[in-house]
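Working notes, beginning with the structure itself.
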Amino acid sequence: MPTTRSRLRRHLTRLLARRRGSAAALRDLEQLNEVLRFSLLFTLLILLPVVLLALLALRSIQAEEIVVDAGSEQRAEAITIQVQDSLRSLLDEFEDEARASMSDGDAALQQMQAIGLRGAFRFDANGELVSPFVWPGPDDTWPDTTAAYEQALTQATRLDREGGSAETQRAWERATRLATAPAHHAEARLGAARALARANDPRADSALVLTANEFPTLRDRRGVRVADIANTLRADLAERTNRPEDAARIRRGIVDHALAADWKIGFPADGFVAERALEALAGTMDESARKLALDRVRARASQLYEAAALADELRVASKRQGAEGEFVYTPETKSLWASVAWKDGALAFAFDYDALRAELQHHVVDVANRIDSNLSAELRAARDTVDGTLARRSLAPDLPALDVIVRNADPTALITQRSRSGLQRRLVIALALLAVSIGVFAAVRTVGREVEGARAKADFAANVSHELRSPITQIRLKGEALQLDLVYDDADRQAHYDAIVRECERLSRLVDNVLDFSAIERGVKKYTLRAEDLGEIIVRSVEACRSAADAASLKLAVSLPDALPVVWVDREAIGQVMTNLLSNAIKYGSDGKLVEVVCRITVDGAEVSVTDHGIGIGPDDQAKIFEHFYRVQSSEVRRRRGTGIGLTIVRYIVEAHGGTIAVQSAIGEGSTFTVTLPTQPPKGAGG
Ligand code: ADP
């Protein structure tokens, strides 16, 4: 049973034999086998690893891109964690300061400088506000009045403004009688005393003292303490009646009282009264002490104002309970509240949300820049939706309303940079693949040439044998004919002798060529240059080829200039050049046509051209015909015998003489081979 391999071999042989004959087909098959084996090895050892490496490199680029992404996500995550830590350390700082101040007392609490702190409030065990302000009590709300009282009050006020004194006093007394609540009572009494004071009545001072003493806590309808108004009026009166010391004393009393008293949230007048008294004390009191007191009063007044704005949240904060010394943070609409249980009560600290956020934003940007300047971080409301975030973290539990988000600082720049570096790497891989492909191509070509060379060598051996056999056969046939006297007449005998000589010449040309070629190949060929007559060499060569030309029915024409310069050549070698060119012209020329040898003198030396009008040579083959063993692959050429070394020898000899050889040819029109030879003696030429 034939195996698949042998069957394939048989088919291929048959296919090749159709074009190249069966012997050549078998040889080609062997060579094909070699080429295939080489290609397989090449693919396995070089091509496959290179492709695999390229694939691996591509995958690693992709993997690296993923790692880069993961890297920036990790850094983004780190930023959010650090921001949260910054918030914590900000709050830790505040807590430490708060604990120290709590131990130092209420005054220290009011002087705390924590960022964004709007107020510090202390509650007792019952959740009652005790410092720095207190909630208003029942006395502090203005009770409803009756229409009769209001009417009496309106009338008294009008009379007061008109300035009638006895009648005014009566009107105030009527109002006092109609008062139904202590606050109304106090208001009417104060009205009466104020009327006296305005009239500079001597009873005014005692009336004001009585009112102040009788109603130390009650307030008028605008929320100003009646006692404070009475005392202020007293001080003004003393000043008007030239009792400046009394005025100063009373005012100092007002200030002392104001500073000692609990200020009540919602009653800013408690501060204003003291502020006004201090302003009026200018010039009568130590200025620096006055300024200090004024600052304290003003600061406290603005705290009171703040506290009033936060009143509703403060009430909620008072109810919050935490573990002793543990701060609990609660965001409300207006403030962030920090509550802590302390001793028998509790404390609540209000922070300005915006100030805290601004401070934190500062930290956020700092942290982000420190970790990775390609990333940007910002604080956003927890409810905001944000696109393209790398990391997002809530600042809960401290600031649950806020999230820190991290994004690429410039997403487009990052994408461009990434795609650029990806492109560069891919380009490098593509270049590497290209280089390998070129290498593969070159290797395949080299192998192809080697195979071609091997084939040409084999053809050469066959061709030489063939070339040898035909003149030998001819010589033998003619010799035997002469020996057996199988000739018709003397002319025939002569023809036989001529043929024997011609074939011998051909034989010796062939042997010369083979021997020369072998010497050239081995690098041992040497030429002895002498001054020679080129014309004579040409004529002799032409004569030597004449019989062959006759046999091929070709005319040989020689054209020489009148005076030819002497050329420095090896006579035998240049003779061989001429013979080789001429025998090619005869061999590849067309029957009946002309073969011309033309010699010209040029600037550099002499130029000899051999022209035939035969089969011609295609442009592609013109460059190759000087290579050894090369014969044009056409039936026209194959029909003619040859070894493919004639032109190789010609070129070698010409170049060894410092000359050139060129060919001009067109298929079907013929060829001209032109040899140039220098006329100058070469350096070191023998004489
Ligand atoms: P060969 O022994 O084959 O003639 P050469 O080296 O002399 O070897 O020539 C090489 C090839 O060049 C020839 O086989 C032929 O194809 C081509 N050639 C040479 N001279 C001529 C010519 N005058 N006209 C056409 N083809 C030529």
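The values are calculated or read from the model by the stated rules, or taken from the named source; none is laboratory data. The structure displayed is predicted, hence computed values, not measured ones. Using ideal geometry, Cβ is built from the backbone for each residue, glycine included, and neighbour counts are taken over all protein chains shown. The protein model used for the area step is the full one, side chains on, heavy atoms only, and it has no ligands, DNA or RNA in it. Shrake-Rupley method; radii C 1.70, N 1.55, O 1.52, S 1.80 Å.
Odds and ends about this structure:
- Where residue 175 falls short, out of the listed (1) without any contact (Cβ under 8 Å) to a residue 24 or more places away in the chain; (2) closer than 24 Å to residue 213 by Cβ: (1)
- Residue check, residue 366 under 19 Å from residue 117 (Cα atoms) and modelled with pLDDT under 80: no
- Of all residues in segment 142-173 being over 13 Å from residue 193 (Cα atoms) and of a type in the set (Asp, Glu), the one that is modelled with the lowest pLDDT: 162
- Look at segment 634-657: where a residue is within 11 Å of the ligand (Cβ to nearest atom) and a partner is among the charged types (D, E, K, R) and open to solvent by 70 Å² or more (accessible area, probe 1.4 Å), sitting 6+ places away or on another chain with Cβ atoms under 7 Å, you get 648/627.
- Selection from segment 176-186 of residues that are open to solvent by 20 Å² or more (accessible area, probe 1.4 Å), touching a helix residue (DSSP H, G or I) at 6+ places or on another chain (Cβ under 7 Å) and assigned to a helix (DSSP H, G or I): 176, 178, 185
To keep it simple, each residue is scored yes or no on (1) closer than 30 Å to residue 310 by Cα; (2) in contact with a helix residue (DSSP H, G or I) (Cβ under 6 Å, 6 or more places away or on another chain); (3) open to solvent by 20 Å² or more (accessible area, probe 1.4 Å).
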{"position": "158", "(1), (2), (3)": "no, no, yes"}
{"position": "163", "(1), (2), (3)": "no, no, yes"}
{"position": "174", "(1), (2), (3)": "no, yes, yes"}
{"position": "191", "(1), (2), (3)": "no, yes, no"}
{"position": "198", "(1), (2), (3)": "no, no, yes"}
{"position": "203", "(1), (2), (3)": "no, yes, yes"}
{"position": "213", "(1), (2), (3)": "no, no, yes"}
{"position": "234", "(1), (2), (3)": "no, yes, yes"}
{"position": "237", "(1), (2), (3)": "no, yes, no"}
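- For residue 328, the requirement of being β-branched (Val, Ile, Thr) and without any contact (Cβ under 8 Å) to a residue 60 or more places away in the chain is met.
- Looking only at residues of segment 141-156 that are touching a Ser or Thr at 6+ places or on another chain (Cβ under 9 Å) and not hydrophobic (A, V, I, L, M, F, W, C), we find that the one that is surrounded by the fewest Cβ atoms within 10 Å (Cβ to Cβ) is 144.
- For the criterion of being within 16 Å of the ligand (Cβ to nearest atom) and either free of Cβ contacts under 8 Å to residues at least 40 places away in the same chain or open to solvent by 20 Å² or more (accessible area, probe 1.4 Å) (or both), residue 500 fails.
- Residue ranges of helices (runs of 4 or more DSSP H) in segment 602-687 with at least 2 members surrounded by 15 or more Cβ atoms within 10 Å (Cβ to Cβ): 619-622, 646-656
- Options 614, 589, 618: the member that is more than 29 Å from residue 519 (Cα to Cα), under 60 Å from the mean Cα position of the chain (by Cα) and either more than 13 Å from the ligand (Cβ to nearest atom) or not charged (D, E, K, R) (or both): 618
- Filter result for residue 600 (of a type in the set (Lys, Arg), without any contact (Cβ under 8 Å) to a residue 60 or more places away in the chain and touching a Lys or Arg at 6+ places or on another chain (Cβ under 7 Å)): no
So that you can scan it fast, the table gives a plain yes or no per residue for (1) within 22 Å of the chain's Cα centre (by Cα); (2) within 30 Å of residue 342 (Cα to Cα); (3) not in a helix (DSSP H, G or I):
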position: 49; (1), (2), (3): no, no, no
position: 57; (1), (2), (3): yes, no, no
position: 65; (1), (2), (3): yes, no, no
position: 74; (1), (2), (3): yes, no, no
position: 83; (1), (2), (3): no, yes, no
position: 87; (1), (2), (3): no, yes, no
position: 93; (1), (2), (3): no, yes, no
position: 99; (1), (2), (3): no, yes, no
position: 103; (1), (2), (3): no, yes, no
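- Tally, over segment 112-139, of residues that are in a loop (DSSP other than H, G, I, E, B) and touching a residue at least 12 places away in the same chain (Cβ under 8 Å): 13
- Of the helices (runs of 4 or more DSSP H) contained entirely in segment 191-280, those carrying at least 2 residues that are more than 25 Å from residue 155 (Cα to Cα) fall at 226-240, 244-260, 269-280.
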